[in-house]
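Step one of this worksheet: look at the structure below.
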Amino acid sequence: MKLKKTVILGAAIAGLLGSSMAIAAEQFIGLPSYRVGPYAAGGSGIYGGWIDYMQMVNERDGGINGVKLTWEECETEYNNARGVECYERLKNKGETGNSVFQPLSTGITYSVLDKVAKDKIPLVTMGYGRTDAADGRVFPYVFPLITTYWSQATTMVKYIAGKEGGTDKLKGKKIALLYHDSAYGKESHAVLEKMAERYGYELTKLAVAHPGNEQQSQWLQIRQLRPDWVILWGWGVMNPTALKSAAKTGFSREKMVGVWWSGAEEDTVPAGSAAKGFTAAGYNVAGADYPVIKDIETNVYAKGKGNMEDKSRVGSVYYNRGVVHGLITVEAIRKAQEKFGKGKALTGEQVRWGFENLDMDEKRLAELGATGFLPPLKTSCLDHEGSGKVKYQQWDGSKWNVVTDWIDADRELVRGMIEESAAAYAKEKGITPRDCSKEM
Amino acid sequence: MLYREAGQFKASYEADQQIFPILQDRVGVLLLIGFFALVVPLFADQYWLKAILIPVLIFSLAAIGLNILTGYAGQLSLGSAAFMAVGAFGAYNFMLRIDGMPFLVAILLGGLCAAAVGVVFGLPSLRIKGFYLAVATLAAQFFIVWALVKIEWFSNYSSSGVITAQEIEILGFAFDGPVSKYLLTLFVVVVMALLAKNMVRSTTGRMWMAVRDMDVAAEVIGIRLMRTKLTAFAVSSFYCGVAGALYAYTYIGTVEPEGFNLDLSFKILFMIIIGGVGSIMGSFLGAAFIVLLPIALDVFVPMFLGDLVSSSFVSNLQLIVFGGLIVFFLIVEPHGLARLWQIGKEKLRLWPFPH
């Protein structure tokens, strides 16, 4: 009798489980994260914020139109070979395979660039990667969303011009570019040189060898040069070292502008008081007062499901950047569901369409609780960048404060360069660019 | 019993000079090659081919390269990754700039470029030894990567300094799927490994070993030090260069100079230390160990501990376990995994009547 009961109960449970599985579709997102190594601070913050946002969507809304988000992490250690392994491992997981691959590493991005088009998985490289991939005709599966290094460089010149009192005042000014001597650091050269020709400022490029904890000679040069502005194109330990050396050299931190990989708490806190007054770009802002962060706190952390070990990092620049990754990924899936069927798990190819047709205007951002948190974004077949806007934040010694509104990039200049570079790539690889008028 | 060589008489010079003089070895190697060339492609899926087997083969080749230099000729080097980079960029430029360049010729030419660079950076070995030489090769590591970033011609003026490998086509057949790329890699690696195996027991190899064991004595018996050391650098760099070209063409596809950094050089050095210094088979075992163990840890550790601890802890735990296992292996078997096989072979020889 007892046995019979158990069998019936078991069957009932199995039936329940089976039926619930059949009903609830799940969208799988593979996360090639890195939580160890020299860049662990960035990796753990961004992937942590992203996971928290997806957790929040599952908890608060029950997923996207009922489709629960699932994910799995794969440790890449910021290493290209490990990144490729993760890409292959995550590719076919979940109901419909991996929906999107966002490695947060330029090297891994390049390593999977050719593979994603074959496997039909969108590759999102927010704020890094191959700039010319913004030309969606040549790179249908690659999305350097929001903004690119080239766009950022133009906003820096705009920001400096604003401080000097107009672009005509730039003539004869001296700008020093202190850059990480790598492919990443060199991304800035072409644009800044082109703008130097246009506005007549004098650009001096100073390379800092990886990892950048030795900058004596560069700052000696800066002392001799007496530039009006220093652009800091740094990464990792190079940033606090630059700030400390600037303090030692006596160069005003108010006259230093950093890229978005120089503008996190992890870059300024180690520099101590030397960082005060330093300004950096960001396509997301710091702060925990935005409704979207509040939602994460009430729906995720209050239930003890948060991903961050150190809860005080919630609201930091890297964490919020992760939330932006989450916001945009979820929006793209939602958009794709509108076309391919609500409540269904989508393939990478379908999610790609979502990324290409994103429209996050002010109204939508307000609904998402992210007004001012990230810039409005609208992508198309031609334009995989979608915005080009950044805000500048200043470090006051204990936190980042937003000091500008969204500054728009000189998109005309950047777009020309992107198309030229993408066309060269297409020619080298024998790719026929898509005809965007035929895309739906 | 199983491994008995008794009764295998060599009746001709050819038989005496085979690469594998023992019948069991010959059969074993043939079976192994047959298994990987015929059986594996039938059953392995894309993940296994693209993410596991191809990198293991490529790193094995690089490890053979370093083993020739460090294990056989006794010259410590920390520049293997840089020589791989020269091979990759060399092959890319030959493919790019010469129309109709056959792929296999291009990777050999890439290897030759690496050999030439290796000889240049091998020159200090005539004067300095041991750890000091390691520092000199460290200079090669940094200089080559710097030069590849700095001189834009190497990357065909690409704005970010990366190169994208062209499509591989041999005699009209396009190698674009994982199976064909795997077979191509396997072919190159097997041929070069057999060549290496043959080389290390030839005059050249014996000269290398003589120099390794005591260079003064080697000089006294008439071995020319300069030539011997430089050939070791050339051959070693050639192997690394070909491995680098394969890394770009059959594995990653798009490579940046920074991908070939010091970490990779160290990794290749660990491969030969774990696998066995001075052993061709050890290079394969070491490469497999260093490539597969972190992946296995990344798969299995979260599986067992995933829900109990945070993901940061899991990631750090993998590194701790990995480091611990390396220390464990070095204590238990300081001569590497290849030595374990040798011990096993001796046991098999006596089995089932050990004395």
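The values are calculated or read from the model by the stated rules, or taken from the named source; none is laboratory data. Since we're looking at a predicted model, the values are computed, not measured. Note: ideal-geometry Cβ built from the backbone for every residue, glycine included; neighbour counts use all protein chains shown.
Picking from residues in region A:71-110 that are in a strand (DSSP E or B) and more than 7 Å from chain B (Cβ to nearest Cβ), the one that is nearest to B:V149 (Cα to Cα) is A:F101. A single member of B:G222, B:G253, B:G259 is buried (at least 21 other Cβ atoms within 10 Å of the Cβ) and either within 13 Å of chain A (Cβ to nearest Cβ) or over 23 Å from A:E88 (Cα atoms) (or both), and it is B:G259. Taken over region B:22-79, the criterion of being in a helix (DSSP H, G or I), more than 16 Å from the chain's Cα centre (by Cα) and crowded, with 19+ Cβ neighbours inside 10 Å is satisfied by B:L49, B:K50, B:A51. When B:F322, B:F329 are checked against the criterion of being more than 14 Å from chain A (Cβ to nearest Cβ) and either among the aromatic types (F, W, Y) or assigned to a helix (DSSP H, G or I) (or both), B:F329 stands alone in meeting it.
Taking each residue of region B:312-329 that is of a type in the set (S, T, Y) and looking for partners that are part of a helix (DSSP H, G or I) with beta-carbon atoms closer than 6 Å, six or more apart or interchain, yields B:S312/A:S44.
Among the criteria (1) in contact (Cβ under 8 Å) with a residue 40 or more places away in the chain; (2) part of a helix (DSSP H, G or I); (3) over 20 Å from A:G107 (Cβ atoms); (4) touching a helix residue (DSSP H, G or I) at 6+ places or on another chain (Cβ under 9 Å), the one B:L148 does not fulfil is (3). Highlighted here are the strands (runs of 3 or more DSSP E) found entirely within region A:209-318 that include at least 3 residues which are over 23 Å from A:S44 (Cβ atoms): A:229-233.
Residues are listed down the side, and each one gets a yes or a no for (1) buried (at least 24 other Cβ atoms within 10 Å of the Cβ); (2) within 30 Å of B:T203 (Cβ to Cβ); (3) within 14 Å of chain A (Cβ to nearest Cβ):
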| residue | (1), (2), (3) |
| --- | --- |
| B:S237 | yes, yes, no |
| B:F266 | no, no, yes |
| B:L269 | no, yes, no |
| B:V299 | no, no, yes |
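Any residue at all in region A:298-319 that's surrounded by fewer than 24 Cβ atoms within 10 Å (Cβ to Cβ) and among the acidic types (D, E)? Yes: one or more hits.
The test for being without any contact (Cβ under 8 Å) to a residue 24 or more places away in the chain and over 27 Å from A:R223 (Cβ atoms) does not hold for A:T347.
Of all the listed residues (B:A114, B:A82), the sole one being assigned to a helix (DSSP H, G or I), away from every other protein chain (no Cβ under 14 Å) and touching a Cys at 6+ places or on another chain (Cβ under 8 Å) is B:A114.
Let's see how each residue does on (1) of a type in the set (A, V, I, L, M); (2) farther than 27 Å from A:A81 by Cβ; (3) free of Cβ contacts under 8 Å to residues at least 24 places away in the same chain:
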{"site": "B:A210", "(1), (2), (3)": "yes, yes, yes"}
{"site": "B:I223", "(1), (2), (3)": "yes, yes, yes"}
{"site": "B:L246", "(1), (2), (3)": "yes, no, no"}
{"site": "B:G253", "(1), (2), (3)": "no, no, no"}
{"site": "B:I268", "(1), (2), (3)": "yes, no, no"}
{"site": "B:I272", "(1), (2), (3)": "yes, no, no"}
{"site": "B:G276", "(1), (2), (3)": "no, no, no"}
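On the basis of being at pLDDT below 90 and either within 14 Å of another protein chain (Cβ to nearest Cβ) or assigned to a helix (DSSP H, G or I) (or both), does B:S159 make the cut? In short, yes.
Whether any residue in region B:301-316 is assigned to a helix (DSSP H, G or I), touching a strand residue (DSSP E or B) at 6+ places or on another chain (Cβ under 6 Å) and within 14 Å of another protein chain (Cβ to nearest Cβ) is what I want to check. Within region B:301-316, one or more residues are assigned to a helix (DSSP H, G or I), touching a strand residue (DSSP E or B) at 6+ places or on another chain (Cβ under 6 Å) and within 14 Å of another protein chain (Cβ to nearest Cβ). Taking region A:128-165 as the range and being among the polar types (S, T, N, Q) and under 16 Å from the mean Cα position of the chain (by Cα) as the test, the residues that pass are A:T131, A:T147, A:T148, A:S151, A:Q152. Can you tell me which residue within region A:140-184, out of those that are farther than 24 Å from A:A426 by Cα and assigned to a strand (DSSP E or B), is farthest from the other protein chains (Cβ to nearest Cβ)? Checked region A:140-184; the qualifying residue farthest from the other protein chains (Cβ to nearest Cβ) is A:K174.
Of all residues in region B:154-175, those satisfying the criterion of being more than 16 Å from B:Y92 (Cα to Cα) and out of contact with any Lys or Arg (no Cβ under 9 Å at 6 or more places or on another chain) are B:L171, B:G172, B:F173, B:A174.
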